[in-house]
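*Asks:* So that we are looking at the same thing, I have put the structure below in structure tokens.
What follows is calculated from the coordinates using simple rules that are stated; it is not laboratory data. It should be emphasised that the depicted structure is a prediction, and the values quoted were computed from it without experimental measurement. Glycine also receives a Cβ, built like all others from the backbone with ideal geometry; neighbour counts cover every protein chain displayed.
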Amino acid sequence: MNNLEKQDERNEIFRRDRWMCQNCGRHVMIHGTPQLAHLIANTKANRKKFGNCVIDHPLNRVATCCLYCNGRMNIGNNPVKANELADKIRDELLKE
Ligand SMILES: [Zn+2]
């Protein structure tokens, strides 16, 4: 994926989330610094466990307004939720 495609994908995720922070509900452009949070954190261990296609998938990334909210979105410490999301993403990948 080149930089332009990465930028498009970012914008696509912000559009999907209506530019609303998925933790506090505030508009990311008006309040704070728009940033994408990983639900299953982007770590070496998680990449090994879940695979790059899960970690990088748009469903694993959500709009947030600041570092605090970004950190609050992490579900990596909840194995049930993390596995549910990983399964959902794998289903999506099979559909493509
Ligand atoms: Zn927020």
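*Asks:* Taking the options N78, N74, N46, N70, name whichever one is more than 20 Å from M1 (Cα to Cα), more than 12 Å from the chain's Cα centre (by Cα) and touching a residue at least 24 places away in the same chain (Cβ under 8 Å).
*Replies:* Only one candidate qualifies: N46.
*Asks:* Being surrounded by 13 or more Cβ atoms within 10 Å (Cβ to Cβ) and closer than 13 Å to F50 by Cβ is the filter here; which residues of the range 64-82 pass it?
*Replies:* Listed by number, the residues that qualify are I75, G76, K81, A82.
*Asks:* Quick check on my filter: what residues within the range 1-33 are of a type outside the set (A, V, I, L, M, F, W, C), part of a loop (DSSP other than H, G, I, E, B) and within 13 Å of the ligand (Cβ to nearest atom)? Steps first, please.
*Replies:* The first filter runs over the range 1-33 and keeps only residues of a type outside the set (A, V, I, L, M, F, W, C), leaving 2-3, 5-12, 15-18, 22-23, 25-27, 31-33.
After this cut, where a residue has to be part of a loop (DSSP other than H, G, I, E, B) as well, the list is 2, 17-18, 22-23, 25-26, 31-33.
Of everything in the range 1-33, those that are of a type outside the set (A, V, I, L, M, F, W, C), part of a loop (DSSP other than H, G, I, E, B) and within 13 Å of the ligand (Cβ to nearest atom) turn out to be D17, Q22, N23, G25, R26, H31, G32, T33.
*Asks:* For the range 54-67, name all the residues that are more than 12 Å from the chain's Cα centre (by Cα) and not in a loop (DSSP other than H, G, I, E, B).
*Replies:* L67
*Asks:* Follow-up question, since we're still on this one. Can you find even one residue in the range 38-60 that is out of contact with any strand residue (DSSP E or B) (no Cβ under 6 Å at 6 or more places or on another chain), among the charged types (D, E, K, R) and loosely packed, with under 14 Cβ neighbours inside 10 Å?
*Replies:* There is at least one residue in the range 38-60 that is out of contact with any strand residue (DSSP E or B) (no Cβ under 6 Å at 6 or more places or on another chain), among the charged types (D, E, K, R) and loosely packed, with under 14 Cβ neighbours inside 10 Å.
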